[in-house]
Amino acid sequence: MKTYSAQSGYVYQYFFEGRRGAAYVFSISADRKNWLPMEVTVEEPALNAWEQSHGRQLSATERYAIAKMALFQAFDERPDPKAMQADLRVAAVEAIVEALGL
């Protein structure tokens, strides 16, 4: 289990459950009592566009890092834990990949 202090003021606990198809599944909680699954799907067209424009494939580890950074963005941007119930779809990866320095 890991902890993330979000810009929203909440402190989330999370851990990676695994992959389900194209989705990365995390268990998340804001109170350590109530846990809910959250799927982060990094859309294949977004990954393909980045790979074509940069001339290389993203590794499985890099793809996971994109999903995890998208989860952190959701922690920061969504107003409260109730808003975390909606799964996340990532349609653009350029800014995330740049922030990761890949």
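Rule-based calculations on the coordinates, nothing more; no lab input. In this text, all values refer to a predicted model and were calculated from it rather than measured experimentally. We place every Cβ from the backbone using ideal geometry, glycine too, and count neighbours over all the protein chains shown.
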Please report, in cubic angstrom per residue, the volume enclosed by the convex hull of the alpha-carbon atoms of region 2-100.
93 Å³
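Sum up the charges of everything whose Cβ sits under 13 Å from the Cβ of residue 93, counting Lys and Arg as +1 and Asp and Glu as -1, but leave residue 93 out.
-3
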Enter the angle in degrees (range 0 to 90, nearest 10) between the Cα long axis of helix 44-54 and the first principal axis of the Cα atoms of the chain, meaning the one along which they spread out most.
50 degrees
With everything on Cα atoms, drop me the angle between helix 60-77 and the longest principal axis of the chain, reported from 0 to 90° to the nearest 10.
40 degrees
Less than 20 Å apart at the alpha-carbon level, and either on another chain or at least 8 residues along: which aspartates and glutamates does that give for residue 2?
17, 31, 39, 62, 76, 77, 80, 87
